[in-house]
Amino acid sequence: MLRFAPGIAIALLALPVIGGLAGTILPAFGYLPALGGGELSLEPFMTVLGQPGLLRSSLIALAAGVVTAAISIVLVALFVGGWSETRTFHFIQSLVSPLLAVPHAAAAFGLAFMIAPSGFLARLVSPWATGWERPPDWLIVNDPLGLSFMAGLIVKEVPFLLLMTLAALPQVPLSASNRLAASLGYGRVAGFLFTTWPAIYRQIRLAVFAVIAFASSAVEVAYILGPTTPAALPVRLVEWMNDPDLSSRFMASAGAVLQLGITLAALLIWLALEKLCGMTMMHFCEQGRRYRSDRLLRLAALVLIALTALIVFGGLAVLALWSVSGLWQFPDVLPDALSLRGWMQTLPRIGNPLVTTVTVGLASTLLSTLIVIGSLASGQRDGNGTRWKLFFLYLPLLVPQAGFVFGLKLFLTHGGVGATWAALVLVHTVFVLPYIFLSLSAPWRAFDTRYEAIAAGLGKSGWTTLLVIRLPMLSRAILVACAVGFAVSVGQYLPTVLIGAGRLVTITTEAVALGAGGNRRVIGIYAFLQMLLPFLGFAFAAVVPTLLFRNRRAMKIA
Amino acid sequence: MKMLATALAALAMSATHLSAAEIEPANWDAVLEDATGETVYWNAWGGSENINAYIGWVGDELRERYGVKLVHVKLDDTANAVASVVTEKAAGKNENGAIDLIWINGENFASMKRQGLLFGPDWAQKLPNWQYVDAETKPTITTDFTIPTDGMESPWGMAKLVFFHDSARTGASDLPDSADELLQWAKANPGRFSYPQPPDFIGSTFLKQVLSEKTADPQKLLQPVKAGEFAAVTKPLFDYLDDLHPHLWRSAKAFPKDYPSMSQLLADGELDITFAFNPAEASAAIANDLLPDTVRSFTFSGGTLSNTHFVAIPYNAAAKAGALVTANFLLSPEAQARKQDPNVWGDPTVLAIEKLSGEDRARFAELDLGIATLKPEQLGPTLPEPHPSWMAMVEEEWAARYGVAN
Amino acid sequence: MPDETTAGLRLDAVRIRLDGRELVAVDSRVRPGETLTVMGPSGSGKSTLLAYVGGFLDPVFAGEGRVICGGRDIANFPAQERHAGILFQDPLLFPHMSVGGNLVFAMPGTIAGKPARRARAEAALADVGLEGFYDRDPDTLSGGQKARVALARVLLAEPNFLLLDEPFSKLDMQLRGQIRTLVFERARRSRLPVILVTHDEADASAAGGDVIEIG
């Protein structure tokens, strides 16, 4: 029965994506009978290429994909290299899960409130240090170069890549390599980069690709922090998709294909960068310089990592404050008056969305976990999956959502599938499964198979070995993977809005609909709720194994 | 005997249950009966907690009085709902659509009407509460941005473009009274005015206001745009904008996203003048601790744009009877009066006060419209909305000229 | 009917190849209670012989040949039907179970009832000098203690033969001798054929059986 698991996984992932892609690519070439498009033509592409500022919008998306991934990965590499096996490292490690729990939109809102001219940081120093009675007319948020946009992406990418790196660490001889490099006279960071990092990078490579794909096609963060004249391509794409002039649907589909091209271009550029970095590293490696004086570099890495955590948590704290504030004007650092009015207005109405969010999240996570475990377990037997299997797995992550979810909706409606809970769970599973796979595959493969050989020798069947030996021993990794999956499901916006069609509402769809109103109090309340659920998931993942195995010292380690 | 029972049962069922195609608003009792037990999915903008609370109240009343369950589907853009119906039509879903009622007007309405996506025509005038509607003195009730409604949408509230300022920072005497004076004011106060980036509704409204004021022949705007005359008619507008933009907030390199963002900027002190379509917006915001109580409204003596917003029913709605009952309730004096109360929402009524009974008239008379709201007599003349085709092209031209400001 | 010629373990024309290159070629018989020692330098592939006999050979290797145990060729049996008792370099006690849990897990289902199983496990612990360790957390044991528990575990499963993959190499000199003696003594007592893979001469001489050199 396990044999079918990989097949199910692929069907579950590939069919919606392929169906959705068809539903998007066909109109891009002019074919959508319901709107009068009966024959293939290149006109939609002509139209979209004629849109003003298209090159700029595309470049913003492309740059966001490559630059943010580069900065994030460098930061993670320097941090792990400089601080692994120290107490500081363990402390930062414990922050990773809560940081991951914060949805992108909430983090972006928080960042916006911190750095805006009328934001918290400005208020802290006004008017006593700056003399400002009114906020200066500075273009910080929505700046034209997209710097605050990239910052908003980086603060979420860093914890994700750090988590992936941590998952890969057990598979590399970290302490042995560290000691070896030190004995050869290399500085901490240089030693790490030369000896251990290449092996780690190979493990997390696919996660990096997922990050690039996400960053180059993310809508919410671009909407909140990105440039507006012109906006990044993904934002404009959603606008085109929703244009009341229905014939622009063709152009919008062509735009979606363009977005796909941008994502691919970003990945190709990244591959070239990888080669370049590899060669550069080899060059430096062979020179023999020891780079011992890396204290400043290590400090910088620590400060920057701490900064990302601080920005996210600080932003959330400010949002939480906004949720209970009365009128709060510049340059007051604290609100004049606190009021629970916002919460009292909102709480009665969150029952339904909350239930939907939690049930869909749990169901899609459970389904995905079962399929992933099944695939991994059966993959062991046949010798691990071929590369094209992995390609299908990551397809939902690499194809921009705005591109295929609309097509998917068309596909589902044609198939007579309405806005049902089951359909929503299925669509969420499409996005949750790859993340659970990403989180779980490294720990799974790192599992010492000799345990299973022993169990087999003791006469235990494959099922017994799986259920009694492997799964319990991997319980912590499995629960963390589930927490990641749950967080992904909670944060889904576009799929829920389109497939749920308003009948099934989650906390996130409510948050964005209300965030459209610009009311900071409401944004604060929903951001808090949006964050609470995944956070509970991660807390669960941390606490349960500790309780279950409280008498087992060896189970305490990751 | 069995045949008789079956025949009677069939007869009874057909008498009490009208098929979707046969909903006839004139037969109101049948509509009421049909509506009982239905769930109405109302797609309406959800960006304001006030409005959401009001819709929640409507839902409670509908359930109590008519047994109709109302579900407020919160949109961040009405175009999403339009897109949804398009998709359903594309998939051939001509019955049991996901949307029963849409809060709509202007471009969106024109688009849906043109594409044959609306229920009707002629159901709005058949609603029992239509008798109170002020169709005579408010032409925008039957003509939505120059497009005849044909009874395919039922009016819900009035809108008039009104400006706001914080009297603690800007004195009343300094306020501009026309688009030209606004330009002078912006030059004197750089970085303190802006408008939401089109195609946001309010942003486009600002463009329409300037266009209506500055164009040589405003009558042309009421006709569909003709290819050759677009450049000439809109030249004054774009000259004005070229002049204005360097003095705007962020030097026009970025724009506020929508009205509520502008309002937040007013509260933060980044903007000095903002505007909205709801004359009571400021009072409502003050009541909710979103703006300081020194905010006041003003308008242009030459007139500002005015329109009506509506609710419409998609052609494939599953709960048409329930939608009709909802639309009718929204027109009731009680619902309209509550809507106009700034402590609730503040949106002006579409009803004619003279047509109401004494008790209902008192409801309106008692309303405290709020300290920041101009009285109806002070609102000034109204300018008509241009034909939607103008705005489509103006928005495109705006995007081409200013959409890439960097 | 088992007799001197069919008892024990027989490796008949066992060949293990990697990419066409032959790593291991064995034709041998191991009598009950006796040990076949396989010696060779690191990387010569000696552990692959154990893997082939035990049924967990990595698919990159190509293995062939008969493995006859109790009159049957088990070379095509799945690993869990071969009843091979395996001791690796590391004791690999299941960390999420107690010491006693590890032992009880190893017991065949024929011993029913919790009290009976517990009693059996405790007896096994006493037999290796670890009385009273039933409820201990495996991670708190010393290296030598863990090795004893691993041995007790493997014997409780009533295996048909033992496969030892350098099980003593991580123990210090003093312990090594003790554990070695214990393992061989128990194997003799239970009349189990043993295949020992090692690079240590002392292990080979303590085993006292035939020695094969590989690589």
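Between A:Leu347 and B:Lys226, what is the label-to-label distance in nm when each label sits 7 Å out along the Cα-to-Cβ direction?
6.4 nm
Within 10 Å of each Cβ in peptide B:333-339, how many partner chain Cβ atoms are there on average? Round it to a whole number, please.
Numbers: counts 0, 0, 0, 0, 0, 0, 0.
Counting other chains' Cβ atoms within 10 Å and averaging over B:333-339 gives 0.
Name the residues whose placed amide hydrogens come within less than 5 Å of the amide hydrogen of B:Leu118, ignoring near sequence neighbours (fewer than 5 apart) on the same chain.
Placed amide hydrogens put B:Tyr315 under 5 Å from B:Leu118.
Cut-off 10 angstrom, C-alpha nodes, Gaussian network model of chain B. Which of B:Lys355, B:Lys69, B:Lys339 fluctuates the most?
B:Lys355
Over the Cα atoms of chain A, how large are the radius of gyration and the largest Cα-Cα distance (Dmax), in Å?
24.3, 79
Could you order the peptides C:13-25, B:109-121 from most to least packed, using the average number of other C-beta atoms within 10 Å per residue? Don't jump to the answer; show the numbers that get you there.
Numbers: C:13-25: 14.6, B:109-121: 19.0.
Going from most to least packed, we get B:109-121, C:13-25.
Compute the distance in nm between two label points, each set 7 Å from the Cα along the Cα-to-Cβ direction, one at B:Ala362 and one at B:Ser173.
4.5 nm
Among the aspartates and glutamates, which fall within straight-line cross-link reach of A:Lys460, defined as a Cα-Cα distance under 13 Å, with same-chain neighbours fewer than 8 residues apart omitted?
In chain and number order, the partners are A:Glu452, C:Glu81, C:Glu158.
So what is the relative contact order for the range A:217-347, in percent, with contacts set as C-alpha pairs under 8 Å and at least six apart?
11 percent
For the range A:42-339, compute the orientation-averaged projected area of the C-alpha convex hull (one quarter of its surface), in nm².
Working: hull surface 76.5 nm².
Orientation-averaged projected area of the Cα hull: 19.1 nm².
Using θ = phi - 60° and the Karplus curve 6.51 cos²θ - 1.76 cosθ + 1.60, what whole-Hz ³J(HN,Hα) does each residue of the range C:62-67 get, with Gly and Pro shown as x?
10, x, 8, x, 9, 10
Please report how far the C-alpha centroid of the range A:402-479 lies from that of the range A:44-59, rounded to the nearest whole angstrom.
39 Å
Give the angle, between 0 and 90 degrees and rounded to the nearest 10, that separates the Cα long axis of helix B:259-268 from the longest principal axis of the Cα atoms of chain B.
40 degrees
Of C:Met173, C:Met39, C:Met107, which is the most mobile in a GNM of chain C whose springs link Cα atoms less than 10 angstrom apart?
Most flexible of the set in this elastic network: C:Met173.
Arranged by the count of other C-beta atoms within 10 angstrom, fewest first, what order do B:Ser332, A:Ser323 take? Mind dumping the intermediate values first?
Working: B:Ser332 18, A:Ser323 21.
Neighbour counts put them in this order, fewest first: B:Ser332, A:Ser323.
If you fit an axis through the alpha-carbon atoms of helix B:201-214 and take the longest principal axis of the Cα set of chain B, what angle between them do you get, 0 to 90°, nearest 10?
Helix B:201-214 sits at roughly 60 degrees to that axis.
Using the structure shown, select from B:Lys126/B:Lys320; B:Lys74/B:Lys257; B:Lys89/B:Lys126; B:Lys160/B:Lys253; B:Lys214/B:Lys253 the pairs with a Cα to Cα distance greater than 20 angstrom.
Values: B:Lys126/B:Lys320 14 Å; B:Lys74/B:Lys257 18 Å; B:Lys89/B:Lys126 27 Å; B:Lys160/B:Lys253 28 Å; B:Lys214/B:Lys253 24 Å.
Too far apart for the 20 Å limit: B:Lys89/B:Lys126; B:Lys160/B:Lys253; B:Lys214/B:Lys253.
Which whole-number percent gives the relative contact order of the range A:42-339, counting Cα pairs below 8 Å spaced six or more residues apart? Display every interim value, and only then the final one.
Details: 374 pairs, mean separation 102.0, N = 298.
It comes to 34 percent, rounded to a whole number.
With each pseudo-label sitting 7 Å past Cα toward Cβ, what's the C:Phe61-A:Ser293 distance in nm, one decimal?
Label-label distance for C:Phe61 and A:Ser293, simple model: 5.3 nm.
5 Å is the cut-off here: which amide hydrogens, built 1.01 Å from N in the peptide plane, fall below it relative to B:Val311, excluding neighbours closer than 5 in sequence?
Distant-sequence amide H within range of B:Val311: B:Ile104, B:Ser154, B:Trp156.
Apply the Karplus curve 6.51 cos²θ - 1.76 cosθ + 1.60, θ = phi - 60°, to the phi angles in the range B:82-95 and return the couplings in whole Hz, x for Gly and Pro.
For the range B:82-95, the Karplus-derived couplings read 4, 4, 4, 5, 4, 4, 5, 5, 4, 8, x, 8, 8, 9 Hz, x marking Gly and Pro.
Counting only other chains, and only Cβ atoms inside 10 Å, what mean value do you get across the residues of C:88-97?
Working: counts 5, 1, 3, 1, 6, 3, 9, 10, 14, 5.
Neighbouring Cβ atoms belonging to other protein chains average 6 per residue here.
Computed FRET efficiency, Cβ-Cβ of A:Leu307 and A:Ala22, R0 45 Å: what is it to the nearest 0.05? Working shown, then result.
Values: r = 44 Å, r/R0 = 0.98.
Plugging the Cβ-Cβ distance into 1/(1 + (r/R0)^6) gives 0.55.
Residue by residue, what Karplus-based ³J(HN,Hα) values in Hz, rounded to whole numbers, does the range A:476-493 have, using 6.51, -1.76 and 1.60 with θ = phi - 60° and x for Gly and Pro?
Calculated HN-Hα couplings, in order: 5, 4, 5, 5, 5, 4, 4, 4, 4, x, 4, 4, 4, 5, 4, x, 5, 10 Hz.
Quick check on the exposure proxy: order B:Asp150, B:Asp272, B:Asp217 from fewest to most C-beta atoms within 10 angstrom.
B:Asp217, B:Asp150, B:Asp272
Over the range C:9-213, what relative contact order in percent results from Cα pairs under 8 Å that are six or more residues apart?
Details: 364 pairs, mean separation 65.0, N = 205.
Value for the range C:9-213: 32 percent.
Report the Cα centroid-to-centroid distance between the range B:134-169 and the range C:23-57 in angstrom, as an integer.
The range B:134-169 and the range C:23-57 have Cα centres spaced 91 Å from each other.
For a quick size check, give me the Cα extents of chain B along its three principal axes, largest first, whole Å.
Projected onto the principal axes, the Cα atoms of chain B cover 90, 50, 34 Å.
Enter the Cα centre distance for the pair the range B:207-221 and the range A:156-232, rounded to the nearest angstrom.
The range B:207-221 and the range A:156-232 have Cα centres separated by 56 Å.
Which value, in Å³ per residue, describes the convex hull spanned by the Cα atoms of the range C:9-213?
Details: hull volume 24.6 nm³, N = 205.
Once divided by residue count, the hull of the range C:9-213 is 120 Å³.
Would you mind telling me which residue in B:Ala335, B:Ala232, B:Ala287 has the biggest mean-square fluctuation in a Gaussian network model of chain B, where springs connect alpha carbons within a distance under 10 angstrom?
So, out of B:Ala335, B:Ala232, B:Ala287, the one fluctuating most is B:Ala232.
Rounded to the nearest 5, what is the percent of antiparallel bridges among the DSSP beta bridges in chain C?
Numbers: 18 of 34 bridges.
In chain C, DSSP labels about 55 percent of beta bridges as antiparallel.
Go ahead and estimate [θ] at 222 nm for the protein assembly as shown from helices alone: -39,500 (n - 2.57) per DSSP H run with n ≥ 4, summed, over the residue count, rounded to 500.
Values: 44 runs with 628 residues, N = 1179.
The helix-only estimate for the protein assembly as shown comes to -17500 deg cm²/dmol at 222 nm.
Over the Cα atoms, compute the radius of gyration (one decimal) and Dmax (the largest Cα-Cα distance, rounded to a whole number) for the protein assembly as shown, in Å.
Over the protein assembly as shown's Cα set, Rg and Dmax evaluate to 36.5, 118 Å.
Against the longest alpha carbon principal axis of chain C, how many degrees, from 0 to 90 and to the nearest 10, is the axis of helix C:173-189 turned?
Around 80 degrees separate the two axes.
Taking amide H atoms as placed 1.01 Å from N in the peptide plane, list the residues 5 or more away in sequence, or in a different chain, whose amide H sits under 5 Å from that of B:Leu305.
Answer set, sorted by chain and number: B:Leu161, B:Leu383.
Alpha carbons only, please: Rg and Dmax for the range B:52-167, in angstrom.
16.1, 56
Rule-based calculations on the coordinates, nothing more; no lab input. Just so it is clear, the structure is predicted and the values come from calculations on it, not from any experiment. Using ideal geometry, Cβ is built from the backbone for each residue, glycine included, and neighbour counts are taken over all protein chains shown.
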